[in-house]
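My structure is below; once you've seen it, I'll send some questions.
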Amino acid sequence: MPPPDPDPGSDAGPGLLVAVQDGTATVTISNPARRNAMTLGMWAALPRLLAPLAADPRVRTLVLTGAGETFCAGADINDLAAPRGARDTQEAAAAAEEALAAFPKPTLAVVRGFCVGGGCQLAVACDLRFAARGARFGVTPARLGIVYPAAATRRLTGLTGPSTAKHLLFSAELIDDERALRTGLVDELLAPDALERRVRDYTALLAARSQLTQAAAKEFAAGPPDAARLAYWAAQAGSSGDTAEGTAAFLERREPRFTWSPGAG
């Protein structure tokens, strides 16, 4: 049997909330006293939270957001100041980032307010980023003398290009919403009162599409597949029935009912 849905709004770890509704799992960073800064415990909890959501066939998309009017102010400075704090935090943050990037279904960061440091690291690890107007973004390790992780640097560079990535990393300056959109850090920029509706409509659209197409596209976009992975996806396409269902639905002028899900093959 698939794992049960987490109760809407239930605690899924220290400072993290998860709710599942209409095929979308929403993970909310909730540490309001610290502007949703990620503590060491929160970094460590995120991969454990994501694993059952990835395995649940009822979850078709994942949204990452922050409680209130801030996405995430980065890593909690109190953890960084502790003995071995910087190293432990960096290791846990890198593991959380990789777990989010490897999530086998479409992921969407929904950003309001500040998205800084480790918060930006998490947003960049998502497949797409929708932001409310007025959001601000920054990648700030240069303020603390921290070496930014190689994987996070490559992801940032892949989104924005080398020049913008270097500007963010070299200067630790915050950029506004329009520059984030122009440089590719943000995919859509919306009025605050329109953001929730757009996210709801967009995740519903993704949930109606073929997870086979989405999962293969996500893997191919991450890097060239080897022969074994190409053979795997060819076999999945041949056995899933999604192509036949999509074609039949198109000809019959109805919505398709795709059945393939990650882990089904």
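The values are calculated or read from the model by the stated rules, or taken from the named source; none is laboratory data. Every value quoted in this text rests on a predicted model; they were computed, and no experiment measured them. Positions of Cβ are generated from backbone atoms using ideal geometry, with glycine treated the same way; all protein chains shown enter the neighbour counts.
Looking at region 144-154, which of its residues are part of a helix (DSSP H, G or I) and surrounded by 13 or more Cβ atoms within 10 Å (Cβ to Cβ)?
A151, A152, T153
Return yes when L189 is touching a Leu at 6+ places or on another chain (Cβ under 7 Å) and within 23 Å of A131 (Cα to Cα) and no when it is not.
Answer is yes for this residue.
Please verify whether R197 is on the phi < 0 side of the Ramachandran plot, of a type outside the set (G, A, S) and either modelled with pLDDT of 95 or more or part of a strand (DSSP E or B) (or both), treating the condition exactly as stated.
Yes.
Just checking, how many residues over region 59-88 are out of contact with any Ser or Thr (no Cβ under 9 Å at 6 or more places or on another chain), at negative phi, at pLDDT below 95 and not small (G, A, S)?
Count: 4.
Could you check L168 against (1) out of contact with any Pro (no Cβ under 6 Å at 6 or more places or on another chain); (2) in a helix (DSSP H, G or I); (3) closer than 30 Å to F258 by Cα; (4) touching a residue at least 12 places away in the same chain (Cβ under 8 Å) and say which number it fails?
Going through (1) out of contact with any Pro (no Cβ under 6 Å at 6 or more places or on another chain); (2) in a helix (DSSP H, G or I); (3) closer than 30 Å to F258 by Cα; (4) touching a residue at least 12 places away in the same chain (Cβ under 8 Å) one by one, L168 breaks only (3).
Hey, among the residues in region 244-265 that are aromatic (F, W, Y) and outside any helix (DSSP H, G or I), which one's farthest from A208 (Cα to Cα)?
W260
Any residue at all in region 230-243 that's part of a helix (DSSP H, G or I), acidic (D, E) and over 21 Å from A102 (Cβ atoms)?
Yes, some residue in region 230-243 is part of a helix (DSSP H, G or I), acidic (D, E) and over 21 Å from A102 (Cβ atoms).
Specify the residue that is surrounded by the fewest Cβ atoms within 10 Å (Cβ to Cβ); the eligible residues are those in region 174-195 that are of a type in the set (D, E) and either under 25 Å from G117 (Cβ atoms) or touching a helix residue (DSSP H, G or I) at 6+ places or on another chain (Cβ under 6 Å) (or both).
This residue is E178.
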